């Protein structure tokens, strides 16, 4: 559905997007993640045809987004982070206006507006002025606008930002149901949202793609260099930590007291599992051991590792 090759965008001397490559298959929901300023919104705006690239190419439904812009846009629904709505129009009036702009045939206007109003949960507010709607309902109007012309691809930039927890659940449920008829590229800072909705994740940092895989595979990959919790009763915590740091496969050790126990947080080297070495070391020193475990790696930890915890440009 989407094919991006060497897509680049420069603003003067600043490279916002640097030779990006990725593909999104039909029916996928793909999360697009990155720190603030990493190039997410710039990439999405280029895909939506709102911003020309400096170089590279992108295809949607087989049409070049830049040389065949009008044909490509027929297959694209774009919902920006700050949805631009005409607040002095009623919901149904606004959607009719937007559908006409997007080329929906007059004979199908009523049908399409009825479909998106129902799908997006706007039935009870369809005749209300947009100015009088809550933030949650305005987001739904923006989503209805993005899909009124039946695009194959929906590009959603922070669709749940600023919503209360109940509104977030409604919008997430709606997005999940849309995958039956749409391919979705979803930008968000809410990593639990990505884990709940997305089949694959693209992580971009400083304009470059740093990771592209399923959330499960990304967690497993980092799990090989994850954190190990090791609880023991030791005579001297500081001295014990120093000896643990010398074990093979151990990258770093931090510790804290928990009553009579010391909880060591051991960071393992990539592709090493030092749990057996930790156990043997404890037995040799006759330490009492309560736990040696490797907690599951979260997508938040993956994101922090991949982006090195740095702010993007």
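Results, tabulated for the structure shown:
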{"quantity": "Pair residue 269, residue 57: separation of 7 Å Cα→Cβ label points (nm)", "calculated": "4.6"}
{"quantity": "Kirkwood hydrodynamic radius of region 240-283, Cα pairs, Å", "calculated": "10.8"}
{"quantity": "Counting DSSP beta bridges with both ends in region 2-220, the antiparallel % (nearest 5)", "calculated": "55"}
{"quantity": "Region 1-128 - Debye-derived log10 I(q)/I(0), Cα point model, q = 0.10, 0.14, 0.15, 0.22 Å⁻¹", "calculated": "-0.41, -0.76, -0.85, -1.28"}
{"quantity": "Span from the region 67-116 Cα centroid across to the region 231-308 one, whole angstrom", "calculated": "56"}
{"quantity": "Rounded to 10°, Cα long-axis angle of helix 275-284 versus longest principal axis of the chain", "calculated": "20"}
{"quantity": "Reduced Cα scattering model of region 40-80, Debye log10 I(q)/I(0), q = 0.24, 0.30 Å⁻¹", "calculated": "-0.73, -1.11"}
{"quantity": "Cα-based helix-to-principal-axis angle, 165-178 vs the chain, degrees rounded to 10", "calculated": "70"}
{"quantity": "Radius of gyration and maximum dimension Dmax of region 177-313, Cα, Å", "calculated": "18.9, 63"}
{"quantity": "Rounded to 10°, Cα long-axis angle of helix 135-147 versus longest principal axis of the chain", "calculated": "70"}
{"quantity": "Estimated inter-spin distance, residue 173 and residue 199, nm [label 7 Å along Cα→Cβ]", "calculated": "2.3"}
{"quantity": "Where N is the number of residues in the chain, Cα Rg divided by 2.2 N^0.38 Å", "calculated": "1.26"}
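Coordinate-derived values only; no laboratory data. On a predicted model such as this, the values are computed, not experimentally measured, just so you know. A quick note on method: Cβ atoms are made from the backbone with ideal geometry, for glycine too, and the neighbour counts reach across all protein chains shown.
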